[in-house]
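The values are calculated or read from the model by the stated rules, or taken from the named source; none is laboratory data. The shown structure was predicted, so the numbers you read here are calculated from the model rather than taken from an experiment. No Cβ is skipped: glycine too gets one built from the backbone with ideal geometry, and neighbour counts run over all protein chains shown.
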Number of protein chains: 4
Amino acid sequence: MIKVGIVGGTGYTGVELLRLLAQHPDVKLEVITSRSEADVKVADMYPNLRGHVDLCFSVPDVDVLAACDLVFYATPNGVAMKQVPELLEKGVRIVDLAADFRIKDAQLWSKWYGETHACPQVLNEAVYGLPEMFREQIRAARLVANPGCYPTAVQLGFMPLLKNKLIDETRLIADAKSGVSGAGRSAKVANLLCEVSESFKAYGVSGHRHIPEIKQGLAIVQGSEVGLTFVPHLVPMIRGIEATLYAELNDRGAGMSLDEIHAIYSEAFATEQFVDVLPLGGIPETRSVKGTNTCRMAIFRQEGSNTLIVSSVIDNLVKGAAGQAVQNMNIMFGLPESRGLDQIAVLP
Amino acid sequence: MIKVGIVGGTGYTGVELLRLLAQHPDVKLEVITSRSEADVKVADMYPNLRGHVDLCFSVPDVDVLAACDLVFYATPNGVAMKQVPELLEKGVRIVDLAADFRIKDAQLWSKWYGETHACPQVLNEAVYGLPEMFREQIRAARLVANPGCYPTAVQLGFMPLLKNKLIDETRLIADAKSGVSGAGRSAKVANLLCEVSESFKAYGVSGHRHIPEIKQGLAIVQGSEVGLTFVPHLVPMIRGIEATLYAELNDRGAGMSLDEIHAIYSEAFATEQFVDVLPLGGIPETRSVKGTNTCRMAIFRQEGSNTLIVSSVIDNLVKGAAGQAVQNMNIMFGLPESRGLDQIAVLP
Amino acid sequence: MIKVGIVGGTGYTGVELLRLLAQHPDVKLEVITSRSEADVKVADMYPNLRGHVDLCFSVPDVDVLAACDLVFYATPNGVAMKQVPELLEKGVRIVDLAADFRIKDAQLWSKWYGETHACPQVLNEAVYGLPEMFREQIRAARLVANPGCYPTAVQLGFMPLLKNKLIDETRLIADAKSGVSGAGRSAKVANLLCEVSESFKAYGVSGHRHIPEIKQGLAIVQGSEVGLTFVPHLVPMIRGIEATLYAELNDRGAGMSLDEIHAIYSEAFATEQFVDVLPLGGIPETRSVKGTNTCRMAIFRQEGSNTLIVSSVIDNLVKGAAGQAVQNMNIMFGLPESRGLDQIAVLP
Amino acid sequence: MIKVGIVGGTGYTGVELLRLLAQHPDVKLEVITSRSEADVKVADMYPNLRGHVDLCFSVPDVDVLAACDLVFYATPNGVAMKQVPELLEKGVRIVDLAADFRIKDAQLWSKWYGETHACPQVLNEAVYGLPEMFREQIRAARLVANPGCYPTAVQLGFMPLLKNKLIDETRLIADAKSGVSGAGRSAKVANLLCEVSESFKAYGVSGHRHIPEIKQGLAIVQGSEVGLTFVPHLVPMIRGIEATLYAELNDRGAGMSLDEIHAIYSEAFATEQFVDVLPLGGIPETRSVKGTNTCRMAIFRQEGSNTLIVSSVIDNLVKGAAGQAVQNMNIMFGLPESRGLDQIAVLP
């Protein structure tokens, strides 16, 4: 049994981790910390866990965490980087669900996250936890930086095009849409039902923190810098991300039929358990992956156009957060990658 | 392995059965029939089942069904009663998720369902599949009539009060609210998102088919006729039923403290795995049981009032349909009652 | 032109008042106060008002308010009672949309609102602003206590039954459901989309502040105390209240046909522009009154039962708050009662 | 008073026309036709119109329609083209809210709408009813082709860029999102609340009928063909369209600051009552235009990028259908353009 701790478990990624770990056959949940909710029973805060999780939240305690094999950080950005070095030293392995270790360039990180990085020396060691890109590195990692939600959907969608050099990589466009849970569980007027229900809008249009993260990942796939316009939108629903990706086919790509490009996509993810490429003609819906760790995608091309279109959907709290974190844990501890991640989406 | 067939699997109870059975360790799904969708892959219609269910819908065939140990009927009312006698004769056990066998009085059934009952002789044999009432009879049953969604929430909520003779049973009131999936998957203007979203209304106020079903069950608990006013409402959400029950405490009940009545409720369901009585002060939310087989309830009393209030919630498609059907199957085949029913609600 | 001021206009009742008053042909909006948003343009906070309202929020100033003919208080409970006496003295007429002047008994008020009443001497003068009950008193009133949202729907629904002595008034039941806007615009986790969407629950079941308000009003209609059980519920939608009312017909009522009782309802509201009794068989939907000042209702009786059922719907922010306040203003200033209140609900 | 008829008034654009025309001070509604609902009171089908519209639906009758000054066609595509020539001959002016007269090239129309055009000779006379492009022609038109919902939001958003030659017009991208009412009121499983709520997806990705309409309009603005990729998406809400537009700035455009481009947008729509360009930094929400005839937009540019981003929102049933039709009527009959169109969005 893997002894697991969770730091900062009161948010939506925290409760989602609990849902997944509570039924993971190889995990023993040792501790879940929350300063503000210390001594509150987890199941009192999240009644769906009644009968499944008996733990109380507790005040963070390094010694207790140090006794774990793995600690998940489900804290706001900027917390993990102040605590992780000490835990690493004590031999604990870490998966950080926040953004602290996602960007390799500490200065770039500071620019987007508004504070100096607390442990730039650790950045190099951190492995970006997108298994479809870095599975081998994750296996041995002491510290995994779990990808952001949008970056997961966008990078997976562009990957085969870049890897196969089919597109003009300088002008990628990603028009992404997310359910409201992506904004977390904090008490903000902007996320009240009465503010976001029955409405739709873009946000962060002038620049969003996920841009440097996506560009960093895609540059690795491409082997050189990429140009990207990324616009997120808020959908009046709880869970789900859909990213519609637009890329101009280069001569090589334009010379291929859609069937051929589809074959490349299918091939690219043939051995991936959590990426499902739909047959041509299919359109992914976010509800088809709700509560599951699947990224489902499809590709399209309009008549007389050289633009390839990809639609990629995930559950932002699962493949976009807690599920991918568990997938990373499974890889780190040599378990089958889908252990504890075989839920079927509840539909309707 | 129990060899299982599903007749009429294209509706919402059908897909929910598939979701539950696909991961049930003791079930082998042999056949799922649908005349209109014959040869369509189940996973093409319900993309959440991609990778989990490989079956195609097929035209109903008695011989194929007769080779099953158990057949679930997830058909509209009036279908099962025409086919079940033949299957019973061939030794197949049946759980009917429709209303054909719920009401013992064939004339009363005809009055509410608008046609003559096709096999009144079988009605007596059918066991009403509310395990919390009829577990022993279910164990041996050849034919189980799976309860309606509202009747499940309402009967479980009133049971301890009636069994312990705490209330005036002649004037029960049940004000119930259901998500839209209760209306099924048929193409009706009334259930379009644009018709039911951002609105709330009562329906069937002058009389609803679930009234005779609830009264029949409660009369058995009480040992005599009960009086019931039942008003269902439509909630702009997909899943979930909440029933707020009002009962006038009789002298015996009025003499008890709320703590004492709460103790009676806790005791009544102490050994039930799928009924969760909240501590006093708690309020059940439908989302806490979404996708699960739990009925969660709480009791209340307002100052200076002799009215006991119960709030009871279920997922109409699980404890109110497919989940309870699987629970009944587990009982019928001697399996642990919660086998395949240990999902945690996805929240938020 | 009536010179109007609004105190505390940043909440949902405030913006709704602005929407209605901005197009009221006899109103000149002089000032809208908000300490926290002082100098912010109203239309920057509420973009639907761009091009319709040019005012900025301003710090409250007694002299500016004193120059108004009428001041609406759209403040949290407990604010108006501290300021109203001074404005009354200066000759300003007041409509308070909060609860400060709704309950005549200062001690009862304190019990439910948790503080001592600041001006009990003014309570007697305040007129309860339900025009269908107190139109004449409102005409001359200096201070109108605008009713609560639930009390409006519930009192209007029970009125004809009590006035005509058709029911047992000692055991009224009101099962009410409200959209989330009833909880206001404050930043609370409990009202986040992710917390209330796709779920349904009761709340305040052990006792809600609107109980004494409803009982006070119904007692006046009945001529004696009434007994009431009132349970509110939260509906995953923005606007709308539906109240399902249950009353036991007494001998007189039980002797009447539903047609006769319907005639009594129609007669009771025949001259009321904002109460619409549906023909028998009709069922009111909250969406049919969204954005309008209408209370729409219907009555029902189930076979073999002596319980009369009323379903009554309003828009909680209009007839349940800002619209009724404007209706009261129209009455106070001798205008046609529907002036500025002739909107048609946007449907779908 | 303008004598107005509506053909095919049972759909969502029909009821929206009724809502707007019922309160239009210069309109007398003479007739509303529906074969299937003949003799049904309009207000029985749409309870929001109780007390506002007394008409019944009636069987279409050419003589009755011929007595009108203006007839709105709110019929499915392909109906108006078969009837309009006769009415034109009788001197009736027409606004067709369907697609029959939007595309000048009858062959292109046939390709996308799947049937031969019934009156290609009339196509030339029809004026495309986007007032911000063709106001003068609309004034004198006998037949106005009311634009599609997506084309309205997309064309208005791109107009200033093309008119001022700021972008590469060969690779425009429009990622558009619509509420479900855009799919109309027909009974289809795909539009049930349980199918579209809590989910998000693209649709029509391989090619949508609005592409040729948008390209035709933009080509007129540009003075030459444009290249366009257009992808619509379905948002789980009732009303509203948001279109996020991406265009590559050409040398001229790239040389301008965002302030300068913003000034061009403000100038372009300075005299337009129904186009509202937000100050830089603002982001349009669909709810801010719900129920109103406004198109609200904002522009953006990300650091280091030459892509200009426009976000443009409308209410698909108002500026995208019925409201724009009334705006066209006002222009055709010499009325102030905003007559009957001054509603304020209901928010929240």
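If you take the residues of the range D:213-255 that are in contact with a helix residue (DSSP H, G or I) (Cβ under 9 Å, 6 or more places away or on another chain) and acidic (Asp, Glu), which of them is surrounded by the fewest Cβ atoms within 10 Å (Cβ to Cβ)?
Only one residue fits best here, namely D:225.
Could you list, in sequence order, the residues of the range C:290-313 that are within 19 Å of residue B:204 (Cβ to Cβ), facing another protein chain (nearest Cβ under 7 Å) and either in a helix (DSSP H, G or I) or not aromatic (Phe, Trp, Tyr) (or both)?
Within the range C:290-313, C:302, C:303, C:305, C:307, C:309, C:311 qualify.
Of all the helices (runs of 4 or more DSSP H) wholly in the range C:66-129, which have at least 1 residues that are of a type outside the set (Lys, Arg) and over 15 Å from residue C:212 (Cα atoms)? Walk me through it before giving the result.
Working: elements: C:80-89, C:106-113, C:120-123.
It comes to C:80-89, C:120-123.
Restricting to the range C:205-263, name every residue that is in a helix (DSSP H, G or I), within 11 Å of chain B (Cβ to nearest Cβ) and touching a strand residue (DSSP E or B) at 6+ places or on another chain (Cβ under 9 Å).
In the first step, residues of the range C:205-263 are kept if they are in a helix (DSSP H, G or I); the result is C:210-222, C:251-254, C:258-263.
With within 11 Å of chain B (Cβ to nearest Cβ) added as a condition, the list becomes C:211-212, C:215, C:258.
Result: C:211, C:215, C:258.
For residue B:266, are the conditions met, namely being among the hydroxyl-bearing types (Ser, Thr, Tyr) and surrounded by fewer than 24 Cβ atoms within 10 Å (Cβ to Cβ)? Give the derivation first.
Working: among the hydroxyl-bearing types (Ser, Thr, Tyr): yes; surrounded by fewer than 24 Cβ atoms within 10 Å (Cβ to Cβ): yes.
Answer is yes for this residue.
Do we find a residue being touching an Asp or Glu at 6+ places or on another chain (Cβ under 9 Å), within 14 Å of chain A (Cβ to nearest Cβ) and either aliphatic (A, V, I, L, M) or under 30 Å from residue D:66 (Cα atoms) (or both) anywhere in the range D:177-195?
Yes, the range D:177-195 contains at least one residue that is touching an Asp or Glu at 6+ places or on another chain (Cβ under 9 Å), within 14 Å of chain A (Cβ to nearest Cβ) and either aliphatic (A, V, I, L, M) or under 30 Å from residue D:66 (Cα atoms) (or both).
Matching residues to (1) within 30 Å of residue C:316 (Cβ to Cβ); (2) free of Cβ contacts under 8 Å to residues at least 24 places away in the same chain:
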| site | (1), (2) |
| --- | --- |
| A:161 | no, no |
| A:168 | no, no |
| A:194 | yes, yes |
| A:219 | no, yes |
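When both residues are 6+ apart or on different chains and their Cβ atoms are under 8 Å apart, which pairs have a first residue that lies in the range A:107-125 and is in the same structural domain as residue A:89 (by TED's automatic domain parsing) and loosely packed, with under 14 Cβ neighbours inside 10 Å, and a second that is in a helix (DSSP H, G or I) and of a type in the set (Ser, Thr, Tyr)?
A:116/A:110
From C:29, C:20, C:70, which residue is touching a residue at least 60 places away in the same chain (Cβ under 8 Å), more than 12 Å from chain D (Cβ to nearest Cβ), within 24 Å of the chain's Cα centre (by Cα) and closer than 20 Å to residue C:144 by Cβ? If you could, list the steps in order and put the result at the bottom.
Details: C:29 fails: touching a residue at least 60 places away in the same chain (Cβ under 8 Å); C:20 fails: more than 12 Å from chain D (Cβ to nearest Cβ).
The unique qualifying residue is C:70.
Take the residues in the range A:165-176 that are in contact with a helix residue (DSSP H, G or I) (Cβ under 8 Å, 6 or more places away or on another chain) and within 12 Å of chain D (Cβ to nearest Cβ), then tell me which one is farthest from residue A:74 (Cα to Cα). Full working, then the answer.
Residues of the range A:165-176 in contact with a helix residue (DSSP H, G or I) (Cβ under 8 Å, 6 or more places away or on another chain): A:165-167, A:169, A:172, A:174, A:176.
Now narrow it down to the ones that are within 12 Å of chain D (Cβ to nearest Cβ): A:172, A:174, A:176.
Working: A:172: 31, A:174: 26, A:176: 23 Å.
Residue satisfying both the conditions and the ranking: A:172.
How many residues are in contact (Cβ under 8 Å) with a residue 12 or more places away in the chain and in a loop (DSSP other than H, G, I, E, B) when one looks only at the range C:317-348?
The total comes to 15.
Does at least one position in the range B:270-280 carry a residue that is within 8 Å of chain C (Cβ to nearest Cβ), closer than 18 Å to residue B:151 by Cα and modelled with pLDDT of 95 or more? Talk me through it step by step, then tell me what you get.
Narrowing the range B:270-280 to residues within 8 Å of chain C (Cβ to nearest Cβ): none.
No, the range B:270-280 has no match at all.
If you check residue D:317 against the conditions, is it under 17 Å from the mean Cα position of the chain (by Cα), under 30 Å from residue C:181 (Cα atoms) and surrounded by fewer than 24 Cβ atoms within 10 Å (Cβ to Cβ)? Steps first, please.
Details: under 17 Å from the mean Cα position of the chain (by Cα): yes; under 30 Å from residue C:181 (Cα atoms): yes; surrounded by fewer than 24 Cβ atoms within 10 Å (Cβ to Cβ): no.
Against the criterion (under 17 Å from the mean Cα position of the chain (by Cα), under 30 Å from residue C:181 (Cα atoms) and surrounded by fewer than 24 Cβ atoms within 10 Å (Cβ to Cβ)), residue D:317 does not qualify.
Please enumerate the residues belonging to the range B:182-194 that are out of contact with any strand residue (DSSP E or B) (no Cβ under 9 Å at 6 or more places or on another chain) and buried (at least 19 other Cβ atoms within 10 Å of the Cβ).
Passing the criteria: only B:194.
Restricting to the range C:129-146, what's the tally of residues that are under 30 Å from residue C:260 (Cβ atoms) and either assigned by TED's automatic domain parsing to the domain that holds residue C:283 or free of Cβ contacts under 8 Å to residues at least 60 places away in the same chain (or both)? Explain how you work it out, then say what you get.
From the range C:129-146, those under 30 Å from residue C:260 (Cβ atoms) are C:130-136; that's our starting set.
Filter once more, keeping what is either assigned by TED's automatic domain parsing to the domain that holds residue C:283 or free of Cβ contacts under 8 Å to residues at least 60 places away in the same chain (or both): C:134, C:136.
Of the residues in the range C:129-146, 2 are under 30 Å from residue C:260 (Cβ atoms) and either assigned by TED's automatic domain parsing to the domain that holds residue C:283 or free of Cβ contacts under 8 Å to residues at least 60 places away in the same chain (or both).
Would the range A:292-308 turn up any residue that is of a type in the set (Ser, Thr, Tyr), at pLDDT 95 or above and outside the structural domain of residue A:210 (by TED's automatic domain parsing)?
no
Which of the following residues is within 29 Å of residue B:299 (Cα to Cα) and assigned by TED's automatic domain parsing to the domain that holds residue C:195: C:280, C:249, C:258?
Values: C:280 fails: within 29 Å of residue B:299 (Cα to Cα); C:258 fails: within 29 Å of residue B:299 (Cα to Cα).
Of C:280, C:249, C:258, the one residue that is within 29 Å of residue B:299 (Cα to Cα) and assigned by TED's automatic domain parsing to the domain that holds residue C:195 is C:249.
Restricted to the range D:16-51, and to residues that are charged (D, E, K, R) and assigned to a helix (DSSP H, G or I), which residue is farthest from residue D:97 (Cα to Cα)?
First, pick out the residues of the range D:16-51 that are charged (D, E, K, R): D:16, D:19, D:26, D:28, D:30, D:35, D:37, D:39, D:41, D:44, D:50.
Filter again for assigned to a helix (DSSP H, G or I), leaving D:16, D:19, D:44.
On the way: D:16: 12, D:19: 16, D:44: 24 Å.
The qualifying residue farthest from residue D:97 (Cα to Cα) is D:44.
Tally time: how many residues in the range A:314-348 are charged (D, E, K, R) and either within 10 Å of another protein chain (Cβ to nearest Cβ) or within 19 Å of residue A:154 (Cβ to Cβ) (or both)? Spell out how you get there, then give the answer.
Of the range A:314-348, the ones charged (D, E, K, R) are A:315, A:319, A:337, A:339, A:342.
From what is left, the residues that are either within 10 Å of another protein chain (Cβ to nearest Cβ) or within 19 Å of residue A:154 (Cβ to Cβ) (or both) are A:315, A:319, A:342.
Counting residues in the range A:314-348 that are charged (D, E, K, R) and either within 10 Å of another protein chain (Cβ to nearest Cβ) or within 19 Å of residue A:154 (Cβ to Cβ) (or both) gives 3.
Just checking, how many residues over the range D:150-170 are within 25 Å of residue A:243 (Cβ to Cβ) and either touching a strand residue (DSSP E or B) at 6+ places or on another chain (Cβ under 6 Å) or not in a loop (DSSP other than H, G, I, E, B) (or both)? First the steps, then the outcome.
Kept after step one, since they are within 25 Å of residue A:243 (Cβ to Cβ), are these residues of the range D:150-170: D:150-151, D:153-154, D:157-158, D:161, D:167-168, D:170.
Then drop every residue that is not either touching a strand residue (DSSP E or B) at 6+ places or on another chain (Cβ under 6 Å) or not in a loop (DSSP other than H, G, I, E, B) (or both), which leaves D:150-151, D:153-154, D:157-158, D:161, D:167-168.
Counting residues in the range D:150-170 that are within 25 Å of residue A:243 (Cβ to Cβ) and either touching a strand residue (DSSP E or B) at 6+ places or on another chain (Cβ under 6 Å) or not in a loop (DSSP other than H, G, I, E, B) (or both) gives 9.
Pick from D:279, D:212: which is of a type outside the set (D, E, K, R) and touching a residue at least 40 places away in the same chain (Cβ under 8 Å)?
D:212
Quick one: is residue C:50 surrounded by fewer than 24 Cβ atoms within 10 Å (Cβ to Cβ), free of Cβ contacts under 8 Å to residues at least 40 places away in the same chain, in the same structural domain as residue C:121 (by TED's automatic domain parsing) and in contact with a Pro (Cβ under 8 Å, 6 or more places away or on another chain)?
In short, no.
Checking residue B:287 against (1) in a helix (DSSP H, G or I); (2) at the interface with chain C (Cβ under 10 Å from one of its Cβ atoms); (3) out of contact with any Asp or Glu (no Cβ under 7 Å at 6 or more places or on another chain): exactly one of these is not met. Which one?
(3)
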